[in-house]
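First comes the structure, then the notes that go with it.
The values are calculated or read from the model by the stated rules, or taken from the named source; none is laboratory data. Only a predicted model underlies this, so the values are computations on that prediction, with no experimental measurement involved. Cβ atoms come from the backbone with ideal geometry, glycine included; neighbour counts cover every protein chain shown. Surface areas here come from the heavy atoms of the whole protein model, side chains and all, with no ligands, DNA or RNA. Shrake-Rupley method; radii C 1.70, N 1.55, O 1.52, S 1.80 Å.
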Amino acid sequence: MKKFLNIALPKGRLGEKVYDMFERAGYDCASIKENSRKLIFENEDLGIRFFWVKPSDVAIYVERGAADIGVAGKDILLEYSPEVYELLDLNVGKCSMAVAGKKNFVDDRTKTLRVATKFVNIAKNYYSSIGRDIDIIALNGSIELAPILDLSDVIVDIVETGSTLKENNLEVIEKFVPISARLIANKSSFKFKTEIIEDITAKLAEIVG
Amino acid sequence: MDNILNVLTAEEKISLSLRALYNENGYSQYRMSKFEEYDLYVKNKDFLVSSNVLTFTDTNGKLLALKPDVTLSIIKNSRDIDGVMKVYYNENVYRVSKGTKSFKEIMQAGLECIGAVDNTVINEVLTLACKSLDLISKNNILVISHLDIISGVLDYCGLNINDKKQVVKLLGEKNVFAIKQLCEDLQLSKENSILVQKLVTVYGTPEKVADAMRDFAVNVQTGKAIAELNEAITALNNAGFKDKIIIDFSVVNDMKYYNGISFKGFIEGVPTGILSGGQYDNLMAKMDKKYQAIGFAVYLDELSRIGG
């Protein structure tokens with residue numbers, strides 16, 4: 001059996017952008033652009049195999065070796081701290097991890113701050129680094145609702161343009177980590193498929209510039 | 001008699017052959033009780049792979065723990081004797097698994113050399129690590145790093161203890177871009193920044209890195225470390241493992257406990273390292289022991305999946 005290099009890409013717009021970068025780097029796979037229900041796309045000549053997974057799952061596929069390399073947002077890497085190599089900042093999917101709240105929100109430090117977020121670990125780490133006592137309200141979506149309904153005082157979430165916040169009378173209080181897509185690799189795969197992974201990294205690095 | 005061997009699973013066969021290997025090389029088996037005083041682990045919490053420890057109260061009110069680790073017990077029970085105490089173990093340890101977040105019983109094998117650790121001892125341990133990997137699968141690689149080179153280079157560049165910690169973490173991720181950024185933030189000179197980045201970019205077969213390694217010879221500490229590493233490489237070459245070793249400084253261990261040579265073994269098809277070890281003189285000193293120590297552990301639980 002031929003040994004393929006398995007590449008996990010995040011489903012969605014970011015993933016398509018990233019695939020285009022792979023294509024420009026010479027690692028293409030024509031069948032991926034066909035509209036089909038296939039889950040896995042192979043280019044036998046190059047010995048590579050792409051598959052789309054939920055963006056937040058890419059790190060798991062790579063950490064557990066089902067994918068040798070993959071592309072994941074820095075937010076996911078910070079939240080789950082997977083045991084992987086972070087080889088390259090692809091400089092796409094750029095946004096920030098930020099604290100946001102109602103306009104004119106003032107933090108009353110005599111009270112525990114209620115923080116609603118999808119990123120429980122990131123929020124905990126951030127507030128412990130600035131020595132602020134908090135309560136975490138873990139949500140899976142529509143985080144912006146939380147401060148409006150007084151479920152929380154602030155939210156910790158990804159902010160790209162901030163327009164959703166503005167429309168709901170919320171504003172960014174502080175951006176604390178820049179986020180972008182990263183090329184990650186399984187630590188064991190890197191040892192046995194070094195050459196091809198190095199080549200992909202180098203060629204993608206050229207495109208990123 | 002042959003059919004007795006057929007009953008054994010691949011995992012059991014490997015575990016027996018590892019024991020035979022260590023036995024042949026003059027290591028004696030270390031047996032320990034399932035329990036240990038909890039105190040031992042609290043004092044050295046960061047040394048453990050996972051900080052959770054399964055505890056219970058003994059009839060006399062003492063807090064005991066189901067052992068999450070073997071090395072600490074071996075050190076605790078070692079005496080400051082001249083020469084080198086060589087032991088191996090094959091024990092169950094109790095740790096929280098990352099996936100289920102619940103306690104699991106994990107079979108672990110390994111060996112420790114405690115006493116006057118010199119190059120001969122280091123080389124012997126590395127050779128046994130290679131031989132252990134070979135017993136598991138021929139498609140293996142031993143990745144070797146030297147913490148004194150990392151530490152020495154970072155000291156030379158004037159990093160304080162917190163910055164060092166950060167660089168070491170990024171080094172473990174091979175995150176050269178973040179390291180470059182950090183060096184800029186710390187306003188390191190261009191030469192020093194490049195030197196720090198080289199800790200990530202210089203890796204590969206000993207032949208490939210030989211020239212670049214000389215750049216790390218910036219002070220007495222790294223000079224000594226490079227010589228030690230080179231001697232180990234020569235010893236492994238002579239033992240026939242030339243094609244099985246890679247130098248890579250992304251193998252990092254907590255420098256509070258470890259120093260000197262650190263290494264990790266990988267098997268093709270197993271997503272995580274299967275063997276992990278290094279020299280841990282700092283832990284010995286923390287536990288008020290006079291001598292040095294080096295050893296490694298093989299994580300046998302990962303083997304069930306490779307089969308045969």
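In terms of modelled amide H atoms, which long-range or inter-chain residues lie less than 5 Å from the amide H of B:Gln29?
Excluding prolines and chain starts, which carry no amide H, the hits are B:Tyr88.
Hey, with R₀ at 56 Å, roughly what FRET efficiency would B:Arg214 and A:Thr112 work out to, going by the Cβ-Cβ distance, to 0.05?
Step by step, r from the Cβ atoms, then E = 0.50.
For peptide B:267-279, how many partner chain Cβ atoms fall within 10 Å of a residue's Cβ, on average?
3
How large is ³J(HN,Hα) for each residue in region A:186-199, as worked out from phi by the Karplus curve 6.51 cos²θ - 1.76 cosθ + 1.60 (θ = phi - 60°), to whole Hz, x for Gly and Pro?
Per-residue couplings from phi come out as 5, 5, 6, 4, 4, 6, 9, 10, 3, 4, 5, 5, 4, 5 Hz.
Any idea which of A:Gly93, A:Gly131, A:Ser142 is furthest toward the positive side of the dipole for region A:1-157, if Lys and Arg beta-carbons carry +1 and Asp and Glu beta-carbons -1?
The residue sitting farthest along the positive end of the dipole is A:Ser142.
Just want to confirm a number: the relative contact order over region A:135-209, from Cα pairs under 8 angstrom separated by 6+ residues, in percent.
It rounds to 15 percent for region A:135-209.
Just the accessible area for B:Lys165, please: 1.4 Å probe, Å², rounded to the nearest 10?
Counting only protein heavy atoms, the figure is 150 Å².
To the nearest 10 Å², what's A:Tyr80's accessible area with a 1.4 Å probe?
Approximately 130 Å² for this residue.
For region B:11-64, what is the Kirkwood estimate of the hydrodynamic radius, computed as the reciprocal of the mean inverse distance between distinct Cα atoms, to one decimal in Å?
One over the average 1/r among Cα pairs gives 14.0 Å for region B:11-64.
Highest mean first, how do A:137-143, A:25-31 rank when packing is the count of other Cβ atoms within 10 Å averaged over residues?
In decreasing order of mean packing, A:137-143, A:25-31 become A:25-31, A:137-143.
Could you compute Rg(Cα) / (2.2 N^0.38 Å) for chain A, with N its residue count?
1.16
Ratio of Rg to Rh for region B:1-130, alpha carbon only, Kirkwood?
Radius of gyration over Kirkwood radius for region B:1-130 works out to 1.01.
Compare the peptides A:59-71, B:106-118, B:215-227 by average per-residue count of other Cβ atoms within 10 angstrom and give them in order, highest first.
By packing density, highest mean first, the sequence is A:59-71, B:106-118, B:215-227.
Express the relative contact order of chain A as a whole percentage, based on alpha carbon pairs under 8 Å and six or more residues apart in sequence.
28 percent.
List the residues, sorted by chain then number, that are 5 or more residues from B:Asn259 or on another chain and whose placed amide H is less than 5 Å from its amide H.
Distant-sequence amide H within range of B:Asn259: B:Gln279, B:Tyr280, B:Asp281, B:Asn282.
Could you please tell me the mean projected area of the C-alpha convex hull for chain B, averaged over all directions and given in square nanometres to one decimal?
Directional mean of the projected Cα hull area for chain B stands at 18.1 nm².
What is the mean number of Cβ atoms from other protein chains located within 10 Å of the Cβ atom of each residue in peptide A:183-189, rounded to a whole number?
What the average comes to for A:183-189 is 5.
Can you tell which of B:Val125, B:Ser137, B:Ser51 lies farthest toward the positive end of the dipole of chain B, using +1 and -1 charges on the Cβ of basic and acidic side chains (Lys, Arg; Asp, Glu)?
Positive-most Cα among the choices belongs to B:Ser51.
Each residue of region B:136-142 in order: what ³J(HN,Hα) in whole Hz does its phi give by Karplus 6.51 cos²θ - 1.76 cosθ + 1.60, θ = phi - 60°, with x for Gly and Pro?
Once θ is set to phi - 60°, the couplings for region B:136-142 become 7, 6, 6, 7, 10, 9, 9 Hz.
For region B:74-148, max minus min Cα coordinate along each principal axis, in Å, sorted largest first?
43, 35, 27
Which log10 I(q)/I(0) values does region B:192-264 give at q = 0.19, 0.23 Å⁻¹ under the Debye formula, counting every alpha carbon as one identical point scatterer?
-0.86, -1.25
How high is the relative contact order of chain B, given as a whole-number percent (alpha carbon pairs under 8 Å, six or more residues apart)?
This gives 22 percent for chain B.
Within the P(r) computed for the protein assembly as shown, what percentage of the Cα pairs occupies the region above 46 Å?
For the protein assembly as shown, the fraction of Cα-Cα distances above 46 Å is 17 percent.
Cα centroids of region A:108-169 and region A:69-103: how far apart, whole angstrom?
Answer, in whole Å: 17.
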